Amino acid sequence: MKLIDTSSWIDALRRDGDPAIKARVVALVRAGTAAWCDMVRLELWNGLRGAAERKQMEDLEADVINLATNDGVWAKARLLAQRARAKGVTVPATDLLIAACAWEHGVGMEHDDAHLTALATLFD
C-alpha cells in the first residue's frame, strides 16, 4: 500500500499529466493499494472545478483507502517538524502531516514533491 500525495493525484487526474506518474497511480488504484489521508483529500477537494471533477472525487472516495489522521500521526508530524528544522529544512505543515501519516501507518509514499523526499530521510 502507498499513500498517494496530492502532487501525484494531480498528475494522475489531468489529461496532460505526467504519464509515468499517472501509470503508477492507476496501478495502485487497480490493485486496491492506493491510500490517502484526510489532508490529501482536503487539498484535492479544495482544487476541484466543476461537476465532472466532483464526480471523479466521489468515485475515488469509494476506491481509495483512507489512513486515519490519529494522535500518532500528529505526534510524528511534530517530530518531523523538529527534525526538519534542526536540519535547516523548511517544510509546509501539510507535507509534514502527509509524511507523518505514511510513517505512522508504515506505508510508502507515491509523490512528486521534494519536501516529501526530504522528510522521508528523517523517519526512524
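The values are calculated or read from the model by the stated rules, or taken from the named source; none is laboratory data. Just so we're clear, the structure is a prediction, and the values are computed from it rather than from any experiment. Please note: Cβ atoms are built from the backbone with ideal geometry, for glycine as well, and neighbour counts cover all protein chains shown.
Does residue 48 satisfy the criteria of being among the aliphatic types (A, V, I, L, M), over 22 Å from residue 107 (Cα atoms) and under 17 Å from the mean Cα position of the chain (by Cα)? Yes, satisfied. Mind listing just one residue for me: the one in region 77-110 that is over 13 Å from residue 122 (Cβ atoms) and of a type in the set (Gly, Ala, Ser) and, of those, surrounded by the fewest Cβ atoms within 10 Å (Cβ to Cβ)? Residue satisfying both the conditions and the ranking: 106. Is it the case that some residue within region 2-13 is closer than 21 Å to residue 119 by Cβ, within 13 Å of the chain's Cα centre (by Cα), at pLDDT 95 or above and among the charged types (D, E, K, R)? Looking for residues that are closer than 21 Å to residue 119 by Cβ, within 13 Å of the chain's Cα centre (by Cα), at pLDDT 95 or above and among the charged types (D, E, K, R), one finds at least one in region 2-13, hence yes.
Consider region 1-28. How many of its residues are small (Gly, Ala, Ser), more than 16 Å from residue 65 (Cα to Cα) and without any contact (Cβ under 8 Å) to a residue 24 or more places away in the chain? Within region 1-28, residues that are small (Gly, Ala, Ser), more than 16 Å from residue 65 (Cα to Cα) and without any contact (Cβ under 8 Å) to a residue 24 or more places away in the chain number 4.
Considering every residue within region 34-44, establish whether at least one is more than 15 Å from the chain's Cα centre (by Cα) and modelled with pLDDT of 95 or more. No, the conditions are met nowhere in region 34-44.
Do we have residue 120 as at pLDDT 95 or above and among the aliphatic types (A, V, I, L, M) here? The answer is no for residue 120. If you go through region 44-63 and keep only what is basic (Lys, Arg) and surrounded by 10 or more Cβ atoms within 10 Å (Cβ to Cβ), you end up with 54, 55. Scanning region 96-121 for residues that are of a type in the set (Gly, Ala, Ser), in contact (Cβ under 8 Å) with a residue 24 or more places away in the chain and outside any helix (DSSP H, G or I) yields a count of 1.
For first residues located in region 29-47 and without any contact (Cβ under 8 Å) to a residue 24 or more places away in the chain, partners that are among the hydrophobic types (A, V, I, L, M, F, W, C) and lie 6+ apart or on another chain with Cβ distances below 7 Å form the pairs 45/57. Scanning region 78-95 for residues that are hydroxyl-bearing (Ser, Thr, Tyr) and not in a helix (DSSP H, G or I) turns up at least one hit.
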